[in-house]
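Notes to accompany the following structure.
The values are calculated or read from the model by the stated rules, or taken from the named source; none is laboratory data. These numbers were taken from a predicted model, which means no experiment stands behind them. Every residue, glycine as well, gets a Cβ built from its backbone with ideal geometry; the counts of neighbours run over all protein chains shown.
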Amino acid sequence: MSTHSPSLWRVLSETWRIIIGHPRHFLALSVLFLLPISFASIIYTFLVQPNSLHSHYLQSLFLVSTPDPKPGNSLLLISILYILSVFLFSLCATPSITYSTFTAFYGKPVKFVSSLKSIPVSFFPLLATLFVTEIILGLIIFAFALLMLVAYNGLVLLGVEMDYDSEYFLVFVTVIAVFLVGLLVYLLVEWCLSNAVVVLESKWGFAPLKRSSYLVKGMRKVAVSIMVFFGILSGLSSMWYSNLIANAGGSSKGWIIVQMVVYVVFSTVLSLYSMAANTVLLNPLQSVAWRNGIADR
């Protein structure tokens with residue numbers, strides 16, 4: 001792929017070339033780290049509501065019964081275990097897939113052991129960067145909530161009718177929500193390369209966020225198009241799975257299992273391509289920065 005003009009098509013085609021060029025390597029990483037995440041989402045779906053008809057039907061597919069002595073405590077424990085498992089597997093998948101994609105992009109030998117060795121090196125930097133990111137996002141949401149409260153009280157003092165069922169209150173909340181979502185989406189685009197930067201440039205904390213924002217500059221349309229592309233596919237997949245669960249009681253067990261397997265495989269492949277595509281986008285941007293003598297050294 002040209003290092004001068006990355007585009008959605010070039011990023012996707014290069015990602016395809018890299019993964020197809022090393023199918024067993026990326027298959028092994030996907031089975032180890034991404035497949036458990038996709039499978040956990042299915043297990044979580046029918047364990048969180050053990051009293052529902054569809055949940056009992058889905059439990060019978062896996063020959064699992066869920067004890068229900070304390071629904072509140074069980075739900076909390078299941079949710080914590082699910083979040084922790086997704087969190088840990090993601091922190092392992094990100095460095096191994098990013099490192100492998102980077103190595104393959106430049107035509108170097110892709111070694112499975114080397115990919116696994118990248119996990120302990122990047123695990124805690126990724127964790128620290130995620131922690132910093134969550135703090136920043138939390139402060140932004142808190143600031144908007146505070147601003148909303150101040151603005152609301154100010155409008156009330158000015159005599160504007162701000163009852164919860166009034167049109168003014170609806171417009172007020174909508175405007176605040178649009179600004180907040182817009183800011184969060186903007187930051188999501190600016191920081192889309194942060195995980196890859198952590199792995200490939202050994203930065204952590206706030207530095208990868210700043211570096212990602214610098215590299216994305218001038219290429220935001222490509223970054224947005226990649227995020228939208230994978231976001232749409234992920235959204236359609238989630239809608240299809242939700243519809244599958246809603247109508248599970250009216251289908252045969254065999255057909256439901258087949259569709260669940262397809263969903264798990266599709267979600268795993270989608271996650272793999274999304275992580276690899278971010279790395280493919282980062283590589284030419286790095287090359288341009290280094291060639292211009294601007295990159296941090």
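Only one residue in G107, G72 is within 28 Å of A28 (Cβ to Cβ), modelled with pLDDT under 90 and among the small types (G, A, S), so which one is that?
G107
Considering (1) surrounded by 17 or more Cβ atoms within 10 Å (Cβ to Cβ); (2) modelled with pLDDT of 90 or more; (3) farther than 30 Å from T103 by Cα; (4) not polar (S, T, N, Q), say which one W191 fails and leave the rest.
(3)
Each row is one residue, and each column tells you yes or no for (1) modelled with pLDDT of 65 or more; (2) under 17 Å from F102 (Cα atoms).
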{"position": "N247", "(1), (2)": "yes, no"}
{"position": "S251", "(1), (2)": "no, no"}
{"position": "Q259", "(1), (2)": "yes, no"}
{"position": "S271", "(1), (2)": "yes, yes"}
{"position": "V280", "(1), (2)": "yes, yes"}
{"position": "Q286", "(1), (2)": "no, yes"}
{"position": "W290", "(1), (2)": "no, yes"}
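For every residue, the table says whether it meets (1) at pLDDT 95 or above; (2) under 22 Å from I83 (Cβ atoms); (3) among the aromatic types (F, W, Y).
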{"site": "T3", "(1), (2), (3)": "no, no, no"}
{"site": "P6", "(1), (2), (3)": "no, no, no"}
{"site": "E14", "(1), (2), (3)": "no, no, no"}
{"site": "S41", "(1), (2), (3)": "no, yes, no"}
{"site": "Y44", "(1), (2), (3)": "no, yes, yes"}
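Would you check if there is a residue in the stretch 129-148 being modelled with pLDDT under 90, more than 30 Å from L281 (Cβ to Cβ) and surrounded by 15 or more Cβ atoms within 10 Å (Cβ to Cβ)?
yes
Starting from the stretch 88-107, keep only residues that are free of Cβ contacts under 8 Å to residues at least 60 places away in the same chain and within 20 Å of A128 (Cβ to Cβ), then list their pairs with residues that are aromatic (F, W, Y) and assigned to a helix (DSSP H, G or I) whose Cβ atoms are within a distance under 7 Å, requiring at least 6 positions of separation or different chains.
Cβ pairs passing all conditions: F89/F33; L91/F123.
Which residue is farthest from V178 (Cα to Cα), if the candidates are limited to the stretch 137-158 and must be within 24 Å of the chain's Cα centre (by Cα) and in contact (Cβ under 8 Å) with a residue 12 or more places away in the chain?
Filtering first and then ranking leaves L137.
What is the one condition in (1) surrounded by 12 or more Cβ atoms within 10 Å (Cβ to Cβ); (2) modelled with pLDDT under 90 that S234 does not satisfy?
S234 satisfies all of (1) surrounded by 12 or more Cβ atoms within 10 Å (Cβ to Cβ); (2) modelled with pLDDT under 90 except (2).
If we scan the stretch 153-168, do we find a residue that is of a type in the set (G, A, S), on the phi < 0 side of the Ramachandran plot and not in a helix (DSSP H, G or I)?
Scanning the stretch 153-168, I find at least one residue that is of a type in the set (G, A, S), on the phi < 0 side of the Ramachandran plot and not in a helix (DSSP H, G or I), so the answer is yes.
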